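The values are calculated or read from the model by the stated rules, or taken from the named source; none is laboratory data. This one's a predicted model, so the numbers in the text were calculated from it and none came from an experiment. In this analysis, Cβ positions are derived from the backbone assuming ideal geometry, glycine residues included, and neighbour counts consider all displayed protein chains.
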Amino acid sequence: MVTTRTHPLLTAPAQAGAVTPCANAASASADPAYWQAAMPLLSVRSIEVVYDEVILVLRGLSLDVPQGAIVALLGANGAGKSTTLKAISGLLKTENGAVTRGEIVFGGQRIDGTDPDRIVRRGIFQVMEGRRIIADMTVLENLQLGAFTRRDRENVARDLDMVLTYFPRLRERTGLAGYLSGGEQQMLAIGRALMARPTMILMDEPSMGLSPLLVKEVFAIIRDINRTLGVTVLLVEQNTRAALSVASYGYVMDQGKVVLDGTADELRNNEDIKEFYLGGAGEQRKSFKNLKSYRRRKRWL
């Protein structure tokens, strides 16, 4: 168990309707028994997602995220990872998508079909793929935008100072956010998420477009946020090595459904994961459907 230190985001009053972060659960156990017994903060139960009323993207997808954990959602392009995050955050509505079957439960209450702003107020904030900062706004304005849905305006200045202390490089950047480097933009996107005082952050491809050195720095920040603030993280990532270096548990998606799951150690040692995602196959990759571990996971099909 990781020892946490007191932090403004943990001592400040929680927003109405939000689930209070649990700092003592900031580092979930890697023991498989923990994942069988842990009560999930987020539970996605056999959901199907359809775009434009005809395109089926998610096919009975299920996953659980315990409070205080980092959980990785892995898979190739087109597997449905980003769609899963948008289903949780409510952003499917902006792309003419909808959860047509199953349910999404957060903090004991269903949130599928809820408007995105209400989901943010409940404690979930999504860091979008590609950062999606506002390029013609300053760093300060971007951070303040993250607190837009908050009702406790008197605490925003204190949290802003906390975020800038957490990301000292951003304190030095007084110009427009569009002039930041890729790594600084990712830090800004994470800082903007923290300004919403989230219980859970959904991160979509935080390593995209970053150098290997910056990838290590960003993932170290993600780990530190989880450990010091107790913020739960659901991490979508194609960089499997980086994701499993910080996550306690992972799910592997293929063609809109989960085909493998396990602790980070189990996935790192899985021969199929080595072949498909850790560079062990060269150019002789097989069809995923021929894998023994895929056929064993019939409960997901």
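General remarks:
- In the stretch 240-255, of all residues being of a type outside the set (A, V, I, L, M, F, W, C) and either surrounded by 21 or more Cβ atoms within 10 Å (Cβ to Cβ) or touching a helix residue (DSSP H, G or I) at 6+ places or on another chain (Cβ under 7 Å) (or both), the one that is nearest to GLU217 (Cα to Cα) corresponds to SER245.
- Yes/no for LEU176 being at pLDDT 90 or above, farther than 21 Å from SER245 by Cα and within 21 Å of the chain's Cα centre (by Cα): no
- All positions within the stretch 117-154 that are among the β-branched types (Val, Ile, Thr) and out of contact with any Pro (no Cβ under 9 Å at 6 or more places or on another chain): ILE119, ILE133, ILE134, THR138, VAL139, THR149
- Against the criterion of being part of a helix (DSSP H, G or I) and either in contact with an Asp or Glu (Cβ under 7 Å, 6 or more places away or on another chain) or at positive phi (or both), ARG169 qualifies.
- Flag if LEU74 is closer than 14 Å to ALA247 by Cα and surrounded by 24 or more Cβ atoms within 10 Å (Cβ to Cβ): yes
- No other residue among GLU283, GLU217, GLU237 is closer than 14 Å to GLN186 by Cβ, of a type outside the set (Val, Ile, Thr) and either in contact with a helix residue (DSSP H, G or I) (Cβ under 6 Å, 6 or more places away or on another chain) or modelled with pLDDT under 80 (or both) apart from GLU237.
- Residues (under 15 Å from LEU194 (Cβ atoms), of a type outside the set (S, T, N, Q) and either assigned to a loop (DSSP other than H, G, I, E, B) or in contact (Cβ under 8 Å) with a residue 24 or more places away in the chain (or both)) located in the stretch 145-157: LEU145, GLY146, ALA147, PHE148, ARG150, ASP152, VAL156
- Test: residue in the stretch 81-91 that is at pLDDT below 95, surrounded by 14 or more Cβ atoms within 10 Å (Cβ to Cβ), more than 16 Å from the chain's Cα centre (by Cα) and closer than 21 Å to VAL233 by Cα: no
- Summed over the stretch 248-278, residues that are under 19 Å from the mean Cα position of the chain (by Cα), more than 25 Å from VAL57 (Cα to Cα) and hydrophobic (A, V, I, L, M, F, W, C) total 1.
- Scan of the stretch 131-145 for residues that are farther than 17 Å from VAL163 by Cβ, in contact with a strand residue (DSSP E or B) (Cβ under 8 Å, 6 or more places away or on another chain) and not hydrophobic (A, V, I, L, M, F, W, C), ordered by number: ASP136
- Residue within the stretch 189-203 that is more than 30 Å from GLY75 (Cα to Cα), crowded, with 22+ Cβ neighbours inside 10 Å and aliphatic (A, V, I, L, M) present: no
- The numbered conditions (1) of a type in the set (A, V, I, L, M, F, W, C); (2) at pLDDT below 90; (3) over 30 Å from ASP272 (Cα atoms) are all true for ALA76 except (3).
- Of the strands (runs of 3 or more DSSP E) lying entirely inside the stretch 193-270, those carrying at least 1 residues that are closer than 30 Å to GLU154 by Cα and either of a type outside the set (Lys, Arg) or out of contact with any strand residue (DSSP E or B) (no Cβ under 8 Å at 6 or more places or on another chain) (or both) are 200-204, 232-237.
- Candidate set from the stretch 196-214 (those that are of a type in the set (A, V, I, L, M, F, W, C) and modelled with pLDDT under 90); member that is farthest from the chain's Cα centre (by Cα): LEU213
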